[in-house]
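Q: One structure is given below, represented as structure tokens, and several questions about it will come after.
Laboratory data are not the source of any read-out in this text; all were calculated from the coordinates shown. The structure presented is a predicted model; accordingly, all values stated were derived computationally and were not measured. Cβ: placed from backbone, ideal geometry, glycine included. Neighbour counts: every protein chain shown.
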Amino acid sequence: MIRSSIALFAALALAHASSAHAEAHCVGPIQDGTVWNLVCLANDSHESDDDYQCDYFLSVTDSAGMTTQPEATGAVSPGQDNAVIWSSAVLGDDAPIVSAAIVSGSCSR
């Protein structure tokens with residue numbers, strides 16, 4: 001399952017990177033078993049070694065039908081391609097997450 005998730009991430013990242021204007025961005029959240037991860041990447045074509053700061057809002061729904069919009073923040077180093085800045089398996093009263101999506105967000109220096 002982990003290998004298929006990594007392969008899916010790589011395919012999504014390549015497809016998204018070709019159309020992305022930013023040098024860093026996040027994809028997902030991607031489900032890996034019962035855990036959902038928001039995964040970020042940053043290309044290394046920029047001259048600076050400074051990290052990118054990513055800030056995203058997600059829409060997450062659990063099995064009880066409760067939807068929340070958690071904020072996911074984290075840093076991504078140039079050349080990094082698998083940085084998890086948010087991870088969760090449950091919401092509220094330990095109800096499993098059934099869907100998750102990016103509402104808005106970006107990465108900047």
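Q: Mind sorting GLU71, GLU23 by how few other Cβ atoms lie within 10 Å of their own Cβ, fewest first?
A: Numbers: GLU71 11, GLU23 19.
Lowest to highest Cβ neighbour count: GLU71, GLU23.
Q: Ok, one more. Just add up the charged neighbours of ALA89: K/R +1, D/E -1, any other residue whose Cβ is under 15 Å from the Cβ of ALA89.
A: -4
Q: Moving on. If each residue of separation counts as 0.36 nm, what is the full-extension length gain between ASP81 and ASP44 once their alpha-carbon separation is subtracted?
A: Details: separation 37, 0.36 × 37 = 13.32 nm, distance 1.00 nm.
In short, 12.3 nm is gained.
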